[in-house]
Each structure stands twice: as structure tokens, then as C-alpha cells.
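Nothing in this text is a laboratory measurement; each read-out follows from the coordinates by a stated rule. The structure displayed is predicted, hence computed values, not measured ones. Here Cβ is always computed from backbone atoms with ideal geometry, including for glycine, and neighbour counts include all displayed protein chains.
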Amino acid sequence: MSDIVTVIAPVNIAVIKYWGKRDEKLILPLNDSVSATLDTSVMCAKTSVCARPDILENEIWLNGVHSSFCNQRLQNCLTEIKAIARNQKSVTDEFLSWNVRICSVNNFPTAAGLASSAAGYACLVAALAKLYKIQSDISKIARMGSGSACRSVYGGFVRWHAGVNPDGSDSIASQVADSSHWKEMRVLILVVADTKKHISSSKGMTCSVETSELLKYRVEHSVPKRVKDICEAIKDRNFSNFAEITMKDSNQFHAICLDTYPPCVYMTDVSHKIVEIVHKYNEINGDVKVAYTFDAGPNACLYLLEKDISDVLSLIRHMFPTSSNEFVKGLDAPETNKTDVLKDFP
Ligand code: ADP
Ligand code: DP6
Ligand code: CO
């Protein structure tokens, strides 16, 4: 009977979006993407796993609800980790024969465009890797659960290299800069709606690959230069360049969602209002002080520097007087997501 292994993992919010796969099974993207990993103080996934001989079949509980283990991505992650454990002989064959129970909770809205799949699969894979005592690049395994999850394995600013190899061996995430590099960077999350999106990210991007002309243009002509420029902006701590590229990329991503047939509409009137407010605010200040970015959902992620937080929060509360759902985040230190709690099995 095993200990329960508990791990927490952070979300990451892309500034250059991943949208479109070249391989659905291995989860290989069409383009590089760049994100910042947020600290786990307010938003994180927390996953506990254990293996026992008396668990009759593999089980997963997500946010307190028993979910089906038929999910192919879950199975792929578990199979991969067990194969590595078998290879490394890190646990006994008997241990490997036992079923697992996985319990995970997100302390923020799930499937609402706030990167729950990123935190969720990074957390799950980190917990399983610990349970089976494997030494391996867990980012690649997290990618098999959800593409964006490979970036949550590292702190600070992270780039996921699309790679070219058909087996995905070079489709890996790496750190562009750690969180101490740009200590003043903050992310303000505005929860416009905490409900589950109508079209999952996976489904939406598959449909975009099949139907959007604009997606092809983006992959070939927009992303390579944007990735290069935003990595430079991060290295130089050039906020206005960072912010402009971030907003343009979010807008292009949602343009592709609308160019998809039938269209994927993720942003709402409130999302668009936030876009308008940010541009007005930057214009009044004569400088780009805030950047918005929206994942596949209506919720806004604002990137800004610490010195501007109170001003921007006042503005948001003034424009949306009834709002209460906002989180202010710093960037995650590389070691934070490795925080884990090992407990004896009761
Ligand atoms: P999001 O924008 O929140 O990432 P997605 O559509 O990409 O939304 O993915 C949501 C799915 O990710 C959920 O339906 C679930 O299958 C999976 N997921 C979310 N959180 C977890 C978690 N903590 N553990 C395991 N899987 C999770
Ligand atoms: C808009 O990683 O959730 O958040 O790989 O199919 O699980 P799957 O998709 P997912 O897609 C994320 C899309 C995005 C942009 C991003 O995080 O880069
Ligand atoms: Co997701």
C-alpha cells in the first residue's frame, strides 16, 4: 500500500497562444508558444494520488466529482509514467500492478479559460512521477495530457518549442527567464464568468485547424517573429513591447476563433469592454501600462507592473462596481510548483 502523494501546480497564461495541433495523439502543436507561470498563492491545482491493491479500477475525482477514467489523455499519462517506472525499476512489479486513485481540486474555475488543464495535468503528472519515483522530463508527459500543461512545469517565463520531429522528442518547454528576472511583473485575473466553456480548447482548435484560413497565415507569418520579439522584450524587461505583442496575439487568436466554421465565440461583451478600457487607459497615460490577454474563455488576464496595480484595480472597480472576482498574481518561482506534501496513508 502506498503513501498518498500530494502536489500543487500553477496555471500559466500564454502571451503567444498555442492554438492548433499537427498531431492530435501526441499533442504536438503547430506553433511555438510563450507564457508566464503564475504563483500558486491564489490559483492552483492540488492533486493527491495513491496506488493500492484494493482499488478495483483506476479512479479519478475532479473537484469532488467521480469522473470517468476512460479519458484517453489520462490513460496516456499514466501508461507513460508506468512504462518509465518499469524501465527504471523505480518501484516493484507488484506496486505497478495496483490501480491508482487520483483526487484533484482546482481552487479556481475549471474549464473556463483560466488554464485549468495546464495546472491540472502538470499537477497530475508531477504527482504520479513522485508516486512511481521516476526520474524523467515530466514536461513532455504533461504535454500528453494537455499541451499547455508542459509550460506549467517551469516557473517564470516559458517557451514551448513546437519542434519538428514526428515523435515529439523536440516538442519541449524551456524557461526563457525565471521569476526573479522581472520581479515587478503582475497578472490581474478578472473572472468574467466562472462557467464551463461551451467548446473545449481541444475541440475548438481542431475545428480551427480544419476550417480557418487565418490560422495558416498566423502559424507561418505572425508567430515566428512575435515569439522572437517577445522573448527579447522579456530579456530586456521592455514592458511596452511585451504588452503590445501580448495584446496583438490575443486579438489574432480570437480572430481565428471567429474565422473558424462554425465560429468559436469565447469573448463576451464584458471581455470586449475590458479591451476597450485597457486601450483607453494606455492612451490617457501616453504609455502602454497594461496588456490584456484572453484564453479560450471570457475571462481577462491583465499583465501589468506592480507600481500600477492599485491604479488599475481602482479603475476596474469603478467600471465594474459589483465585481469581486479578481486575483492579483506574481510570477511563479521555478521551485514553487515542486512543493509537495507527503503523507502517510491512513
Ligand atoms: P481550461 O481553459 O480551463 O484549460 P480546457 O478546455 O483546456 O479548459 O480543459 C478543461 C479540462 O481539463 C477539464 O474538463 C478536465 O478534463 C481537465 N482538467 C482540468 N482541471 C484538471 C485537474 N485538476 N486534474 C485533471 N484534469 C483537469
Ligand atoms: C487558448 O492546452 O487547453 O489556452 O492541448 O487540447 O489540452 P489541449 O489544449 P489546451 O489549449 C490551450 C489554448 C490556449 C492558449 C495557450 O494556453 O497557449
Ligand atoms: Co486548457
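Please give the net charge around Cys77, taking every other residue with its beta carbon less than 11 angstrom from that of Cys77, where Lys and Arg add +1 and Asp and Glu add -1.
+3
What does the convex hull of the alpha-carbon atoms of the chain project to on average, in nm²?
Reported value for the Cα convex hull: 17.2 nm².
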statement: Too long for a 19 Å Cα-Cα cut-off, among Lys17/Lys289; Lys183/Lys307; Lys21/Lys46; Lys17/Lys203, are Lys17/Lys289; Lys21/Lys46
field: Relative contact order, percent, region 106-248 [alpha-carbon distance under 8 Å, six or more residues apart]
entry: 19 percent
message: Quick check: Cα centre of region 1-78 to Cα centre of region 114-190, how many Å?
response: 10 Å
task: Can you run the Rg to Rh ratio on region 87-194? Use alpha carbon positions and the Kirkwood inverse-distance Rh.
output: 1.02
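Using the Kirkwood formula over every pair of different C-alpha atoms, what hydrodynamic radius in Å results for region 118-248?
17.0 Å
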field: In degrees, nearest ten, helix 223-236 long axis to first principal axis of the chain (Cα)
entry: 80 degrees
message: So for each of 152-164, 192-204 I average, over its residues, the number of other beta carbons within 10 Å; can you give me the resulting order with the highest mean first?
response: 152-164, 192-204
message: Taking 8 Å as the Cα distance limit and 6 or more residues as the minimum spacing, I'd like the relative contact order of the chain as a percentage.
response: 25 percent
Segment His161-Ser314, extension gain: residue separation times 0.36 nm, minus the distance between their alpha carbons: 51.3 nm
query: Taking GluC sites (Glu not before Pro) as exposed when DSSP calls them loop (any state but H, G, I, E, B) and at most 15 other Cβ atoms lie within 10 Å, what is the longest stretch of the chain free of them, the sites themselves excluded?
result: 185-334
message: Relative contact order of region 130-196, please, whole-number percent, based on alpha carbon pairs below 8 angstrom and at least 6 residues apart.
response: 23 percent
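Looking only at Cα atoms, what is the convex hull volume of region 180-260 per residue, in Å³?
Dividing the Cα hull volume of region 180-260 by its residue count gives 121 Å³.
Tell me, what are the semi-axes, in whole angstrom and largest first, of the equivalent ellipsoid of region 1-159 as set by the roots of 5 times the Cα gyration tensor eigenvalues?
Equivalent ellipsoid semi-axes, largest first: 26, 17, 14 Å.
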- prompt: Which of the trypsin sites (Lys or Arg not before Pro) found in region 52-97 are in a DSSP loop and have at most 16 neighbouring Cβ atoms, other than their own, within 10 Å?
  reply: Lys89
task: Could you work out the mean projected area of the convex hull around the alpha carbons of region 140-190, in square nanometres to one decimal?
output: 4.3 nm²
- request: Filter the cross-link list Lys25/Lys216; Lys133/Lys235; Lys82/Lys197 down to pairs whose alpha-carbon distance in this structure exceeds 30 Å.
  value: Lys133/Lys235; Lys82/Lys197
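Quote the convex hull volume per residue of region 86-132, based on C-alpha atoms, as a whole number of Å³. Could the numbers behind the result be given before it?
On the way: hull volume 3.8 nm³, N = 47.
Dividing the Cα hull volume of region 86-132 by its residue count gives 80 Å³.
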query: Do any cysteines in the chain lack another Cys Cβ under 4.7 Å, and if so which?
result: Cys44, Cys50, Cys70, Cys77, Cys103, Cys123, Cys150, Cys207, Cys231, Cys301
